[in-house]
1. Using a 1.4 Å probe on the protein heavy atoms only, what accessible surface does Arg65 show? Give it in Å² to the nearest 10.
2. 5 Å is the cut-off here: which amide hydrogens, built 1.01 Å from N in the peptide plane, fall below it relative to Arg32, excluding neighbours closer than 5 in sequence?
3. I need the phi-derived Karplus couplings for region 68-78: 6.51 cos²θ - 1.76 cosθ + 1.60, θ = phi - 60°, integer Hz, Gly and Pro marked x.
4. By its C-alpha gyration tensor, with a ≥ b ≥ c as the square roots of the eigenvalues, how is region 122-203 shaped: rounded for a/c under 1.5, else prolate for a/b larger than b/c, else oblate?
5. Which ³J(HN,Hα) values, rounded to whole Hz and listed in residue order, are derived for region 159-164 from phi using the Karplus coefficients 6.51, -1.76 and 1.60 in 6.51 cos²θ - 1.76 cosθ + 1.60 with θ = phi - 60°, glycine and proline given as x?
6. Sorted by average packing, counted as other Cβ atoms within 10 angstrom per residue and highest first, what order do 28-37, 184-193 take?
7. Can you list the HN-Hα couplings for region 42-59, worked out from phi with the Karplus curve (6.51, -1.76, 1.60; θ = phi - 60°), rounded to whole Hz and with x for Gly and Pro?
8. For Met44 paired with Asp106, estimate the spin-label separation in nm (one decimal), with each label point 7 Å from Cα along the Cα-to-Cβ line.
Amino acid sequence: MGTVAYNEPVTLIGGAQTGNDEISTAMRLAPRIVAADGGAAQVMASGFRPERVIGDLDSLSDDLRLSLADVIEEISEQETTDFEKCLMRIDAPRILALGFMGGRIDHQLAVLNVLARYADRRVVLLGAGDCAAVVPNVGLSLRLPVGDRIALMPLGASQAWTTGLRWNLDGQALAPDGMISSSNEVAGPITVRASGPVLLSTSAANLPALWSALG
């Protein structure tokens with residue numbers, strides 16, 4: 001199939017444990033659904049059918065290989081993860097990715113590695129308790145409840161400027177092995193601007209606000 005363009009946001013489901021309620025919430029925001037490899041099992045269990053299944057298929061059962069044969073896109077190379085294989089083949093205004101947080105730490109770090117290299121894409125990660133996205137080049141503005149937690153975590157060498165946080169940043173140099181801004185707190189209307197890949201994370205309850213801010 002190669003790269004497919006969508007004019008609507010896409011829900012992308014990975015293999016880490018994801019609840020049916022999370023998938024239903026995602027589908028209301030991003031109505032097109034794609035599965036990364038074994039994530040297809042969670043899509044089917046939730047009552048939906050993926051439009052595409054992309055990956056090396058090492059986690060897909062034989063039964064699902066048969067029932068989803070018409071939408072499977074097998075990519076056998078091992079130089080990229082299934083998450084990256086999907087981003088390379090989905091052209092959508094926004095992607096809401098579930099099933100990529102939690103589980104094995106090496107899998108989570110691999111996802112963050114991909115986001116650092118695809119920082120220009122509008123991708124939101126949703127987990128059981130958190131949502132996160134790379135701050136776009138144009139920055140973002142959002143309103144979250146005062147007192148809620150928020151973090152700005154560099155995925156590479158970067159700088160950040162903020163307003164509306166308890167501990168604001170004013171162009172400080174950030175790096176994975178240097179300064180970070182974890183466990184920060186919302187103090188008012190937020191603006192964030194970054195040079196370099198910076199991941200903004202907050203409570204999953206704030207998904208609608210983060211999703212809208214990236215629109």
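1. About 80 Å², ignoring ligands and nucleic acids.
2. Counting only residues 5 or more places away or on other chains, the set is Thr11.
3. 10, 4, 6, 10, 7, 10, 7, 10, 7, 4, 10
4. rounded
5. Taking θ as phi minus 60°, the curve returns 9, 9, 10, 9, 9, x Hz for region 159-164.
6. Packing proxy ranking, top to bottom: 28-37, 184-193.
7. 5, 4, 5, 5, 8, x, 10, 10, x, 6, 8, 10, 10, x, 7, 6, 6, 10
8. 2.7 nm
The values are calculated or read from the model by the stated rules, or taken from the named source; none is laboratory data. What you are looking at is a predicted structure, and each value in this text was computed from that prediction instead of being measured. Positions of Cβ are generated from backbone atoms using ideal geometry, with glycine treated the same way; all protein chains shown enter the neighbour counts. Surface accessibility is based on the protein's heavy atoms, side chains included, excluding ligands, DNA and RNA. Shrake-Rupley method; radii C 1.70, N 1.55, O 1.52, S 1.80 Å.
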